[in-house]
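All remarks here apply to the structure that follows.
The values are calculated or read from the model by the stated rules, or taken from the named source; none is laboratory data. Note that the structure is predicted; figures quoted are calculated from it, not measured. Every residue, glycine as well, gets a Cβ built from its backbone with ideal geometry; the counts of neighbours run over all protein chains shown. The area values use the complete protein model at the heavy-atom level, side chains included, leaving out ligands, DNA and RNA. Shrake-Rupley method; radii C 1.70, N 1.55, O 1.52, S 1.80 Å.
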Amino acid sequence: QQQVKQSPQSLIVQKGGISIINCAYENTAFDYFPWYQQFPGKGPALLIAIRPDVSEKKEGRFTISFNKSAKQFSLHIMDSQPGDSATYFCAATAGGTSYGKLTFGQGTILTVHP
Amino acid sequence: GAVVSQHPSWVICKSGTSVKIECRSLDFQATTMFWYRQFPKQSLMLMATSNEGSKATYEQGVEKDKFLINHASLTLSTLTVTSAHPEDSSFYICSAALHEQFFGPGTRLTVL
């Protein structure tokens, strides 16, 4: 019930292309869905986050699409750049705050070829 | 703002020894800090939630006597891996809660 399932496990995209990473959850108590970017040997950093009262949120080249009925959300990276090559994790938390206990997806290794 | 540091960034120790990892929120006070463990090419697994001035809450399967957590102040939490063994070798990451979780840079522990 606490799992967040993420796909694909790895993704290769050409520079300028669109990267799409998907996540699905079961726990309907989840109410905050952040995405994190992690470079090798570093801690994760928050990219963008969404609450279930909106279906889409965009910040620069990063967009979250959220489907509450399907219990799915996805990250779209537009105009992907080699510098975007990293591991991306979706996550979810419950309890009404944005800083509660996080459940992470399995991660997606993104490689953007120049 | 909202910077979290960890010390050391990497440590190598012999099997059977104890290792302490510090997590500091540099420019804010954090009532709650979290400790995660990450094995190579895997996701972050929450080990425990640390609240200032009280005992940590450990996730199922995490040995509280092996992974001692102390959150003595609003800017410092420590994780001590006691009697470390090679299987404890991992990347340990802390986070501090403000309006979101801010993650530290991680500590690479290698137990020989």
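Computed quantities for the displayed model
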item	result
Qualifying positions in the stretch A:23-47 - more than 20 Å from residue A:83 (Cα to Cα) and part of a strand (DSSP E or B)	A:23, A:24, A:25, A:30, A:31, A:32, A:33, A:34
Options B:38, B:42, B:101, B:60; residue that is facing chain A (nearest Cβ under 10 Å), out of contact with any strand residue (DSSP E or B) (no Cβ under 8 Å at 6 or more places or on another chain) and either free of Cβ contacts under 8 Å to residues at least 60 places away in the same chain or closer than 22 Å to residue A:90 by Cβ (or both)	B:42
Candidates B:112, B:76, B:68, B:46, filtered to the one that is more than 12 Å from the chain's Cα centre (by Cα) and hydrophobic (A, V, I, L, M, F, W, C)	B:112
Check on residue A:39, under 22 Å from residue B:34 (Cβ atoms), buried (at least 18 other Cβ atoms within 10 Å of the Cβ) and out of contact with any Asp or Glu (no Cβ under 8 Å at 6 or more places or on another chain)	no
Neighbours by Cβ (under 9 Å, 6+ apart or cross-chain): first from the stretch A:1-24, modelled with pLDDT under 95; second open to solvent by 100 Å² or more (accessible area, probe 1.4 Å)	A:1/A:26; A:2/A:26; A:3/A:26
Residue selected from the stretch B:24-70 under the condition assigned to a loop (DSSP other than H, G, I, E, B) and among the basic types (Lys, Arg), by the criterion least open to solvent (accessible area, probe 1.4 Å)	B:66
Cross-chain or 6+ apart pairs with Cβ under 7 Å, the stretch B:12-34 first and under 19 Å from residue B:83 (Cβ atoms), then surrounded by fewer than 17 Cβ atoms within 10 Å (Cβ to Cβ) and hydrophobic (A, V, I, L, M, F, W, C)	B:12/B:112; B:14/B:112; B:15/B:112; B:19/B:13
